[in-house]
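Each remark here refers to the structure printed beneath this line.
The values are calculated or read from the model by the stated rules, or taken from the named source; none is laboratory data. Just so we're clear, the structure is a prediction, and the values are computed from it rather than from any experiment. So basically every Cβ, Gly included, is an ideal-geometry build from the backbone, and we count neighbours across all protein chains shown. Accessible surface is based on the protein model in full, side chains and every heavy atom, while ligands, DNA and RNA are left aside. Shrake-Rupley method; radii C 1.70, N 1.55, O 1.52, S 1.80 Å.
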Amino acid sequence: DAMVIQNPRYQVTQFGKPVTLSCSQTLNHNVMYWYQQKSSQAPKLLFHYYDKDFNNEADTPDNFQSRRPNTSFCFLDIRSPGLGDAAMYLCATSTSFSGLADTQYFGPGTRLTVL
Amino acid sequence: AQKITQTQPGMFVQEKEAVTLDCTYDTSDPSYGLFWYKQPSSGEMIFLIYQGSYDQQNATEGRYSLNFQKARKSANLVISASQLGDSAMYFCAMREMNTGFQKLVFGTGTRLLVSP
């Protein structure tokens, strides 16, 4: 089945130690998104890629970076995680963002703990 | 101002009963799309149903239907014949056409608990 895969499902890191979260998709979608979701809150968009075009949300901290080496893979790098970065990180994909009905399909998420 | 409002932090329903989860939205754009997602405790956001602003009929997908009242700017999710597996967080979300990038904006969610 076509899907969005995130690895690892659970990640523990130390304060200030760089961490990379991985997302891959077999849907061949053009757009990939990274969301941050803190406990009992709505998902918050960090950035998205349309093909190789990177788009950062205005309020995404500089601590967060992303790479998309090819259509299938996208990475979220947190350069110096703080305690406030502990959250669920959700990857999503869509065929495009030009159609209103274009649905975003989400992966299972990576739950990040910062010690 | 909140774009998407979900006023019910938590809802309880008995198995096999129907339940309505409320969602109101705020937009001046005539073209928009409304989505409902389910998020079980495992964390994955599962797409349930979509309603476009120009759609004449309410959307339905199996046990899920959307009660779309455009004039009242509401898009309530109706789950018929609730099952224990329906226990989860439910998020309403909107995409507007007038932004260059059609960002998906989520509400704060409603936690549904289905009891036997």
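A few notes on this one:
- Per the accessible-area calculation with a 1.4 Å probe, the total area buried between chain A and chain B rounds to 1900 Å².
- Under 5 Å between amide hydrogens, built in the peptide plane, is the criterion, and for residue B:109 it picks out B:6, B:92 among residues at least 5 positions away or on other chains.
- Residue B:11 paired with residue B:67, simple spin-label distance in nm, labels 7 Å along Cα-to-beta-carbon: 0.9 nm
- Fluctuation leader among B:37, B:54, B:64 - chain B, Gaussian network, Cα springs under 10 angstrom: B:54
- In summary, the aspartates and glutamates within cross-link reach of residue B:73, defined as a Cα separation below 18 angstrom excluding same-chain residues under 8 places away, comprise B:22, B:26, B:29, B:55, B:96.
- For chain B: relative contact order, % (alpha-carbon pairs under 8 angstrom, 6 or more apart): 37 percent
- Mean accessible surface per residue for the protein assembly as shown, computed with a 1.4 Å probe while every protein chain stays in place, in Å²: 47 Å²
- Compared with its chain on its own, segment A:47-62 contains the following residues whose accessible area drops by 10 Å² or more in the full protein assembly (probe 1.4 Å; ligands, DNA and RNA excluded): A:48, A:57.
- Area accessible to solvent at residue B:113, 1.4 Å probe radius, in Å²: 90 Å²
- Close amide-amide hydrogen proximity is noted between residue B:87 and B:114, each under 5 Å apart and 5 or more residues distant or on a separate chain (H modeled in the peptide plane; Pro and chain starts excluded).
- Chain B - percent of accessible surface contributed by carbon and sulfur, probe 1.4 Å: 50 percent
- 3J(HN,Hα) along segment A:24-33: 9, 9, 10, 8, 6, 7, 6, 10, 10, 10 Hz, from the Karplus curve 6.51 cos²θ - 1.76 cosθ + 1.60 with θ = phi - 60°, whole Hz, x for Gly and Pro.
- For chain B, the C-alpha radius of gyration divided by 2.2 N^0.38 Å, with N the number of residues, is 1.03.
- Two-decimal ratio, segment A:31-115, of alpha-carbon radius of gyration to 2.2 N^0.38 Å: 1.07
- 3J(HN,Hα) couplings calculated from phi for segment A:6-11 with the Karplus curve 6.51 cos²θ - 1.76 cosθ + 1.60 (θ = phi - 60°) are, in sequence order, 10, 9, x, 6, 10, 9 Hz; Gly and Pro show x.
- Pairs exceeding 27 Å between alpha-carbon atoms, taken from A:38/B:38; A:17/B:38; A:38/B:70: A:17/B:38; A:38/B:70.
- Listed by chain and number, the aspartates and glutamates whose alpha-carbon sits under 20 Å from that of residue B:16, ignoring those within fewer than 8 places in the same chain, are B:61, B:86.
- Counting protein heavy atoms only, segment A:1-113 has 50 percent of its accessible area on carbon and sulfur, 1.4 angstrom probe.
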